[in-house]
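First the structure, in the form of structure tokens, and then the observations on it.
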Amino acid sequence: MSAWKLSAVELLDAYRSRTLSPVEAMRSTLERNEAVNPLINALFEVRGEAAMDQARASEARWSKGEPAGPLDGIPVTIKDSVAAEGWKYWRGTKARIGTVSDHDAPPTARLKDAGAIIFGKSTMPDFGLLASGVSSAHGVTRNPWDRSKNTGGSSSGAAAAVAAGVGSLTIGSDLGGSIRLPAAQCGLFGHKPTTGLVPHTPVSSLRVAGPLTRTVADAALLLSVVSRPDVRTSEPGGPTTSSVSPLSPEGLRLGLLLDMGYGPKVEDEVAQIVEDAARLIAAQGASLSNIAPPIDFDVSRDFDRLFSVRAAMERDELAPEKRVETIDFIGRYCDFGDAVSAKDYLQSATNMEKAKAQYAAGLSAYDFVLAPVLPMAGFDADVTGPNLDRPTVHVNFTAMVNQVGWPAASICCGFTRSGLPVGLQIIAAKGRDEAILGLAAYFETLRGFDYRFPDI
């Protein structure tokens, strides 16, 4: 088997047994990138020579039985918006082309501490404020399962790379679904941790960094590394376990959420695949109840007000002549944010608190809530979203999880008739990250298929 196909756990086993070296793994990964990246546009900076130098150093450590850490010699990528000293830091926008990071963000520092080989940075949309793979800086990132389809976002290149076999591990970030959405659309496992579990800068009560991988075991391993505390933030961090045991559903109270009460309705085929997955889990001894729509008003309008102000503030950081160098939607979104009055902003903040309370009340009776990640399986690669007038309105099943700070994951639960992956979202209360990983690991054994690579 080609080394690029192996999971991180499998690579580490091979390094220990000396049946494969980090040099062979890194070379295979770089060759895979050369073959597929021109087709999917997942990585915008790759440092092959430096990666091979690090792989040779890792090989020497493994030959002595002295690995530098739990990820020594594992090829990994990180998202554009995750700072790495000396690497490009464009945040997906043409306006920042030429910007280079002067420090390592906490996840980057923890990866280096663990011996991982960071060989590339992945694409993302402007400011990370689109659930799409379209960017003024990077162009269009394409879904490896169907290159006419979108990856989702904002961790668009991160998901596309891992799905295509360009590295087994990657770090994404999630403000309103930006790990789970591309995980679902690219057939991966993606975990949005409890707020504060993975230290990250700049610190945010909504945005978190987390793993995108092909297996649950790899995600647990990666989470155990990046959740380690960092003195630069006040976030508590981990520890979390580096391996996960499947959690039997027997005796669990499961809720099935197919209607948020606002936003697009779930397409019938997606709803059926998600419901089938939920019933398969419940058949192992759990109870399964349908959850009534938890939110009784259209909070998406309030999301738009709050996030457009955030976008406008980021645009203000740019030099005046650079502020027009974003995709059209982001420019209009920033203009909308500039026009939001203080009263309207506070009203939307109040509405958000109401929605958070309704959401928590509707879901808290269950050990786990099972839901779609997004209402459809996919949309065209070169558009900002399935609704061109409101490109982020389809994040209705993911965005509230960030607002309440809970953990959630996406795991592939099947494929549409056209061959696109569908993600099952597993949601639980704060601090139950390891429980989510355990239930996901159990479902991984139930679903009837292992990860297979798309035919690119």
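The values are calculated or read from the model by the stated rules, or taken from the named source; none is laboratory data. Small disclaimer: the values here were computed from a predicted structure and weren't measured. Please note: Cβ atoms are built from the backbone with ideal geometry, for glycine as well, and neighbour counts cover all protein chains shown.
Checking each residue in the range 227-255 for being of a type in the set (A, V, I, L, M, F, W, C), surrounded by fewer than 22 Cβ atoms within 10 Å (Cβ to Cβ) and within 27 Å of Ala365 (Cβ to Cβ) picks out Leu247, Leu252, Leu254.
Filtering the range 256-298 to residues that are of a type in the set (Lys, Arg) and in contact (Cβ under 8 Å) with a residue 40 or more places away in the chain leaves only Lys265. More than 22 Å from Leu254 (Cβ to Cβ), buried (at least 17 other Cβ atoms within 10 Å of the Cβ), not charged (D, E, K, R) and not assigned by TED's automatic domain parsing to the domain that holds Gly98: is that true of Met352 in this structure? Here the answer is yes, as Met352 does meet what is asked. Residues that are in a loop (DSSP other than H, G, I, E, B) and either of a type in the set (Phe, Trp, Tyr) or out of contact with any strand residue (DSSP E or B) (no Cβ under 6 Å at 6 or more places or on another chain) (or both) within the range 113-123 comprise Ala114, Gly115, listed in sequence order. The listed residues are Asp53, Asp104, and the only one of them that is assigned to a helix (DSSP H, G or I), of a type in the set (D, E, K, R) and assigned by TED's automatic domain parsing to the domain that holds Lys149 turns out to be Asp53. Could you say whether any residue in the range 199-212 is among the basic types (Lys, Arg) and either without any contact (Cβ under 8 Å) to a residue 24 or more places away in the chain or under 28 Å from Arg417 (Cα atoms) (or both)? Within the range 199-212 (the criterion being among the basic types (Lys, Arg) and either without any contact (Cβ under 8 Å) to a residue 24 or more places away in the chain or under 28 Å from Arg417 (Cα atoms) (or both)), the answer is no, since none of the residues qualifies. Among the criteria (1) over 24 Å from Glu59 (Cα atoms); (2) not in a strand (DSSP E or B), the one Val166 does not fulfil is (1). Scanning the range 20-34 for residues that are more than 26 Å from Lys94 (Cα to Cα), part of a helix (DSSP H, G or I) and without any contact (Cβ under 8 Å) to a residue 60 or more places away in the chain gives Val23, Glu24, Ala25, Arg27, Ser28, Glu31.
For the range 37-49, what are the residues that are surrounded by fewer than 21 Cβ atoms within 10 Å (Cβ to Cβ) and either aliphatic (A, V, I, L, M) or at pLDDT below 95 (or both)? Matches in the range 37-49: Leu39, Val46.
Does Arg301 satisfy the condition of being without any contact (Cβ under 8 Å) to a residue 60 or more places away in the chain, of a type in the set (Lys, Arg) and more than 21 Å from Gly128 (Cα to Cα)?
On the way: without any contact (Cβ under 8 Å) to a residue 60 or more places away in the chain: yes; of a type in the set (Lys, Arg): yes; more than 21 Å from Gly128 (Cα to Cα): no.
Against the criterion (without any contact (Cβ under 8 Å) to a residue 60 or more places away in the chain, of a type in the set (Lys, Arg) and more than 21 Å from Gly128 (Cα to Cα)), Arg301 does not qualify.
What do you reckon, is Gly98 assigned to a loop (DSSP other than H, G, I, E, B), over 27 Å from Phe329 (Cβ atoms) and either of a type outside the set (S, T, N, Q) or not assigned by TED's automatic domain parsing to the domain that holds Ala220 (or both)? Here the answer is no, as Gly98 does not meet what is asked.
Only residues that are out of contact with any Leu (no Cβ under 7 Å at 6 or more places or on another chain), of a type outside the set (Gly, Ala, Ser) and buried (at least 18 other Cβ atoms within 10 Å of the Cβ): list them for the range 25-36, please.
Narrowing the range 25-36 to residues out of contact with any Leu (no Cβ under 7 Å at 6 or more places or on another chain): 26-32, 34-36.
Going one step further and asking which of them are of a type outside the set (Gly, Ala, Ser), we end up with 26-27, 29-32, 34, 36.
Correct list: Met26, Arg27, Thr29, Leu30, Arg32, Val36.
The single condition among (1) crowded, with 24+ Cβ neighbours inside 10 Å; (2) touching a strand residue (DSSP E or B) at 6+ places or on another chain (Cβ under 9 Å); (3) closer than 25 Å to Val373 by Cα that Pro144 does not meet is (2). From the list Ile426, Ile436, the one residue that fits, being at pLDDT 95 or above, assigned to a helix (DSSP H, G or I), buried (at least 16 other Cβ atoms within 10 Å of the Cβ) and among the β-branched types (Val, Ile, Thr), is Ile436.
Residue-level analysis places Leu175 among those that are among the hydrophobic types (A, V, I, L, M, F, W, C), surrounded by fewer than 24 Cβ atoms within 10 Å (Cβ to Cβ), touching a helix residue (DSSP H, G or I) at 6+ places or on another chain (Cβ under 9 Å) and farther than 29 Å from Arg27 by Cβ. Just one of the listed residues (Leu221, Leu206, Leu197, Leu212) is part of a loop (DSSP other than H, G, I, E, B) and at pLDDT 95 or above, and it is Leu197. Restricting the range 355-374 to residues that are assigned to a helix (DSSP H, G or I) and either without any contact (Cβ under 8 Å) to a residue 40 or more places away in the chain or among the hydroxyl-bearing types (Ser, Thr, Tyr) (or both), the residue that is surrounded by the fewest Cβ atoms within 10 Å (Cβ to Cβ) is Ala357. Can you tell me which residues in the range 164-176 are over 25 Å from Arg228 (Cβ atoms) and either modelled with pLDDT under 95 or out of contact with any strand residue (DSSP E or B) (no Cβ under 8 Å at 6 or more places or on another chain) (or both)? Listed by number, the residues that qualify are Ala164, Gly165, Gly176.
Out of all the residues in the range 392-405, is one or more part of a loop (DSSP other than H, G, I, E, B), within 27 Å of Glu353 (Cβ to Cβ) and of a type outside the set (S, T, N, Q)? Walk me through it before giving the result.
Let us first name the residues in the range 392-405 that are part of a loop (DSSP other than H, G, I, E, B), namely 392, 396-398, 405.
Checking the rest, the ones that are also within 27 Å of Glu353 (Cβ to Cβ) come to 392, 396-398, 405.
Imposing the further condition that a residue be of a type outside the set (S, T, N, Q) reduces the set to 397, 405.
Yes - at least one qualifying residue is present in the range 392-405.
Of the candidates Ala342, Ala311, the single residue that is free of Cβ contacts under 8 Å to residues at least 60 places away in the same chain and more than 30 Å from Ala440 (Cα to Cα) is Ala342.
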